[in-house]
Amino acid sequence: MLSRFFPIERWGKRAPWLLTHCIIAACAASVVFMPPSGSAGFLETWFVATLMLAYWGAASCVIAFESARQEIYPYKEERIVVEGLCKYTCMMGGGCGAIPVLVLLADASMLNRLAFVFYILLFGLVSLEAVPIFREAKVEPKAAEAEEPGDVGSVLDILREVMPGRGKEPNMAFRHLMAVKFWHGAYGASIGSTLFYYVTYNLRLGGWERMQVIVGGGLIAGVTEVSLNLIYMRMFSAGDGRQDMSGKTDRHLLRFVVFCRLCNAVATFFIIGWADASILMVFLWAFTTRLGLASFSFWRVSAQCWLVDEDCIFGAVPGRRRQGVIFGALAMTQNFAGAIFSSMTFLGLGLAGLETVNCEAQCKHLSNTLVDSSGVVKECIETCFLGVIEQQPDSLRWYVRAVIGMWAPLCELLIAFHAWKFPIKGARLRRLYAGICQSRGEEISLKPQDSGTPHTGRSKIVLSVEAAKSNGGRVQRTKSDGNGLLWRLAHTTAMVDSWPGAKSLSVFFDVNEAGPRDKVTSSGVGISEGDEVPQEDPHDEKGSVWAEVVPATRVSL
């Protein structure tokens with residue numbers, strides 16, 4: 001539908017979504033604070049409708065952004081730099097968005113709400129500045145010709161690929177990343193829904209005092225995030241993943257983020273779930289939680305882009321570009337988990353004994369004017385709210401501590417587990433890098449020190465072929481050595497292929513070739529599963545194709 005008004009040749013596929021849905025989200029978010037007068041049922045309907053429009057517009061903008069980033073920036077290092085810069089802008093946007101919430105929590109007068117309607121609308125439309133960038137997300141002519149026409153599927157197709165059945169192995173990369181998004185949504189909803197209640201009822205704060213604690217904690221978290229983001233951007237974007245044939249940098253990224261999530265789970269349990277509630281503990285937790293979470297988004301962005309890259313290059317329909325569907329499925333999973341656990345958390349508040357009072361309605365009779373110039377209504381509301389805090393039972397305070405200090409760390413452990421089990425890594429990720437370079441018409445030029453050293457391990461089989469010296473003293477391979485290597489390669493490939501379950505099989509040659517002056521160079525050749533292995537002519541008097549190869553030839557699977 002949007003292509004009728006925004007031609008893809010000029011606008012691309014992502015820019016129209018940002019242009020239209022950013023306006024929808026900004027308008028809906030600005031009027032949510034100004035409901036028209038009416039019955040109680042009408043007010044709830046107004047709130048649900050405006051909130052759904054705001055979330056719909058914001059979610060569409062996020063999916064368009066994720067898809068454009070994956071298409072414009074094809075490699076991990078570029079995506080990490082973009083993610084780091086976007087985190088700074090998101091922090092600035094979050095700070096601007098938090099101002100209306102904090103002010104209205106302390107003073108929700110009609111004058112303040114009217115002022116913030118224009119404030120939210122103005123800042124919401126700032127994102128339209130990115131529309132020209134999104135227009136660069138266009139498929140190259142060669143890729144467009146190779147792309148399969150037809151439907152790219154729907155979110156239900158993604159779910160079918162994740163679930164087992166119909167004689168097909170499930171896509172474990174989809175499954176683990178969707179599990180990461182699911183538990184990440186559960187974690188964020190649980191923390192976001194109860195942190196305000198922790199400051200209010202566990203610390204027994206209200207009004208401007210509560211706002212000062214929230215702002216103080218936010219500043220500590222923000223300063224920590226800003227400082228760490230600079231370090232992580234430099235650390236994780238260093239080098240070139242295409243040249244790292246051993247996969248050291250990618251393994252380092254995964255191990256680091258998993259370790260940080262585990263540490264954050266332990267710290268949250270002791271600070272919030274075990275220690276006595278205090279303002280100092282809140283500030284300490286604001287610092288430690290950013291230490292544990294600041295690095296995870298770099299791996300998450302890389303992993304979901306790898307998932308899309310692999311689906312496009314090595315998927316069931318090579319060349320099919322369905323970034324929007326995949327990112328939509330991941331966002332749906334996270335939002336679904338957030339909605340479910342947010343509702344369950346609020347339900348638990350009621351079961352734990354939460355008692356609320358509409359203090360604004362009780363104090364409204366003290367002033368007959370629209371704006372309370374005397375301050376009597378404000379003082380009455382503050383007194384009423386402090387009374388509500390004191391009357392809450394201890395079971396409510398224990399429930400809030402349990403959600404943040406016990407349930408949230410459990411979600412983090414599950415996130416770390418599924419991130420560690422994400423299968424696009426090692427040889428499979430090296431193969432993906434090679435496929436991306438090939439699809440873009442690029443070549444990988446390796447130096448001898450850049451090539452990885454094959455090693456034995458649980459996920460790698462190494463075949464080593466030794467050389468023998470000829471009569472002339474020159475190191476050569478005999479015909480039987482070459483034939484033996486080919487036979488062992490075919491045998492090992494058949495053996496691995498017979499193993500049950502899903503697997504990814506790639507063959508890498510680490511070959512040292514002897515030059516005319518005994519100079520040694522290094523070359524690497526990759527053969528994926530299904531490629532034909534060249535056969536030798538046993539009657540060739542010139543010798544084996546391996547005859548010029550010196551010792552330490554290794555084949556890694």
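Testing Phe174 on (1) at pLDDT below 80; (2) open to solvent by less than 80 Å² (accessible area, probe 1.4 Å), one condition comes back false. Which one is that?
So the condition that Phe174 fails would be (1).
Taking interchain pairs and intrachain pairs at least six residues apart, which have beta carbon atoms under 6 angstrom, with the first residue in the range 217-246 and under 19 Å from Arg300 (Cα atoms) and the second assigned to a loop (DSSP other than H, G, I, E, B) and modelled with pLDDT of 85 or more?
Close Cβ pairs satisfying both conditions: Glu225/Ala294; Leu228/Ala294; Tyr232/Ser295.
Report whether or not Ala419 is at pLDDT 85 or above, open to solvent by less than 50 Å² (accessible area, probe 1.4 Å) and not polar (S, T, N, Q).
On the way: at pLDDT 85 or above: yes; open to solvent by less than 50 Å² (accessible area, probe 1.4 Å): yes; not polar (S, T, N, Q): yes.
Criteria met by Ala419.
So Leu125 clears everything in (1) closer than 23 Å to Gln323 by Cα; (2) open to solvent by 40 Å² or more (accessible area, probe 1.4 Å); (3) touching a helix residue (DSSP H, G or I) at 6+ places or on another chain (Cβ under 9 Å) except one condition, right? Which one?
Leu125 satisfies all of (1) closer than 23 Å to Gln323 by Cα; (2) open to solvent by 40 Å² or more (accessible area, probe 1.4 Å); (3) touching a helix residue (DSSP H, G or I) at 6+ places or on another chain (Cβ under 9 Å) except (1).
Which ones in the range 36-90 are of a type in the set (A, V, I, L, M, F, W, C), in contact with a helix residue (DSSP H, G or I) (Cβ under 6 Å, 6 or more places away or on another chain) and farther than 26 Å from Leu307 by Cα?
Listed by number, the residues that qualify are Leu53, Ala54.
Can you name the residue in the range 292-347 that is part of a loop (DSSP other than H, G, I, E, B) and over 13 Å from the mean Cα position of the chain (by Cα) and is also surrounded by the fewest Cβ atoms within 10 Å (Cβ to Cβ) among such residues?
Quick first cut of the range 292-347, residues part of a loop (DSSP other than H, G, I, E, B) only: 294-295, 315-322.
Subsequent filtering for residues that are over 13 Å from the mean Cα position of the chain (by Cα) retains 315-322.
Working: Gly315: 16, Ala316: 10, Val317: 14, Pro318: 14, Gly319: 15, Arg320: 19, Arg321: 22, Arg322: 21.
Within the range 292-347, the match that is surrounded by the fewest Cβ atoms within 10 Å (Cβ to Cβ) is Ala316.
Can you find a residue that is open to solvent by 40 Å² or more (accessible area, probe 1.4 Å) and under 22 Å from Gly192 (Cα atoms) anywhere in the range 75-87?
Taking the range 75-87 and keeping what is open to solvent by 40 Å² or more (accessible area, probe 1.4 Å), we get 78, 81, 85.
Still in the running and under 22 Å from Gly192 (Cα atoms): none.
Scanning the range 75-87 turns up no residue that is open to solvent by 40 Å² or more (accessible area, probe 1.4 Å) and under 22 Å from Gly192 (Cα atoms).
Yes/no per residue for (1) open to solvent by less than 60 Å² (accessible area, probe 1.4 Å); (2) at pLDDT 95 or above; (3) more than 24 Å from the chain's Cα centre (by Cα); (4) not β-branched (Val, Ile, Thr):
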| position | (1), (2), (3), (4) |
| --- | --- |
| Gly239 | no, no, no, yes |
| Gly247 | yes, no, no, yes |
| His252 | no, no, no, yes |
| Arg261 | yes, yes, no, yes |
| Thr268 | yes, yes, no, no |
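Residues in the range 3-14: is at least one within 26 Å of Ala339 (Cα to Cα) and open to solvent by 40 Å² or more (accessible area, probe 1.4 Å)?
So the first thing to find is which residues in the range 3-14 are within 26 Å of Ala339 (Cα to Cα), and the list is none.
Among the residues of the range 3-14, not one is within 26 Å of Ala339 (Cα to Cα) and open to solvent by 40 Å² or more (accessible area, probe 1.4 Å), which makes the answer no.
Please pick out the residue among Ile99, Ile72, Ile63 that is under 30 Å from Leu230 (Cα atoms) and surrounded by 18 or more Cβ atoms within 10 Å (Cβ to Cβ). Break it down stepwise before answering.
On the way: Ile99 fails: surrounded by 18 or more Cβ atoms within 10 Å (Cβ to Cβ); Ile72 fails: surrounded by 18 or more Cβ atoms within 10 Å (Cβ to Cβ).
So the residue among Ile99, Ile72, Ile63 that is under 30 Å from Leu230 (Cα atoms) and surrounded by 18 or more Cβ atoms within 10 Å (Cβ to Cβ) is Ile63.
The rows are residues; the columns are (1) surrounded by 22 or more Cβ atoms within 10 Å (Cβ to Cβ); (2) closer than 24 Å to Lys76 by Cα; (3) small (Gly, Ala, Ser).
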| residue | (1), (2), (3) |
| --- | --- |
| Val180 | yes, yes, no |
| Ala189 | yes, no, yes |
| Leu195 | no, no, no |
| Asn202 | yes, no, no |
| Leu205 | no, no, no |
| Glu209 | no, no, no |
| Ser227 | no, yes, yes |
| Ile231 | no, yes, no |
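Within the range 390-405, can you find the residues that are surrounded by fewer than 16 Cβ atoms within 10 Å (Cβ to Cβ) and either touching a helix residue (DSSP H, G or I) at 6+ places or on another chain (Cβ under 9 Å) or not in a loop (DSSP other than H, G, I, E, B) (or both)?
Within the range 390-405, Glu390, Asp394, Ser395, Trp398 qualify.
So which of Ala59, Ala54 is over 29 Å from Gly206 (Cα atoms) and either of a type in the set (Gly, Ala, Ser) or touching a residue at least 60 places away in the same chain (Cβ under 8 Å) (or both)? Give the steps one after another, and end with the answer.
Working: Ala54 fails: over 29 Å from Gly206 (Cα atoms).
Answer to the check: Ala59.
Of the conditions (1) surrounded by 16 or more Cβ atoms within 10 Å (Cβ to Cβ); (2) of a type outside the set (Lys, Arg); (3) out of contact with any Gly (no Cβ under 8 Å at 6 or more places or on another chain), Met52 fails just one. Which one is it?
(1)
Please enumerate the residues belonging to the range 371-385 that are at pLDDT 65 or above and either open to solvent by 50 Å² or more (accessible area, probe 1.4 Å) or closer than 13 Å to Ser109 by Cα (or both).
If we filter the range 371-385 for residues that are at pLDDT 65 or above, which is where we start, we get 375-385.
Passing the criteria: Gly375, Val376, Val377, Lys378, Glu379, Ile381, Glu382, Thr383, Phe385.
Would you be able to say whether some residue in the range 147-164 is in contact with a helix residue (DSSP H, G or I) (Cβ under 6 Å, 6 or more places away or on another chain) and at pLDDT 90 or above?
Among the residues of the range 147-164, not one is in contact with a helix residue (DSSP H, G or I) (Cβ under 6 Å, 6 or more places away or on another chain) and at pLDDT 90 or above, which makes the answer no.
Touching an Asp or Glu at 6+ places or on another chain (Cβ under 6 Å) and part of a helix (DSSP H, G or I) - does that describe any residue in the range 71-78? It would help to see each step written out before you state the result.
To start, the set of residues in the range 71-78 that are touching an Asp or Glu at 6+ places or on another chain (Cβ under 6 Å) comprises 72.
Restricting the remaining residues to those that are part of a helix (DSSP H, G or I) gives 72.
Checked against the condition, which is being touching an Asp or Glu at 6+ places or on another chain (Cβ under 6 Å) and part of a helix (DSSP H, G or I), the range 71-78 yields at least one hit.
The values are calculated or read from the model by the stated rules, or taken from the named source; none is laboratory data. None of the values given here were measured: they were computed from a predicted structure. With ideal geometry, Cβ positions are generated from the backbone for all residues, glycine too; neighbour counts draw on all protein chains shown. Surface areas here come from the heavy atoms of the whole protein model, side chains and all, with no ligands, DNA or RNA. Shrake-Rupley method; radii C 1.70, N 1.55, O 1.52, S 1.80 Å.
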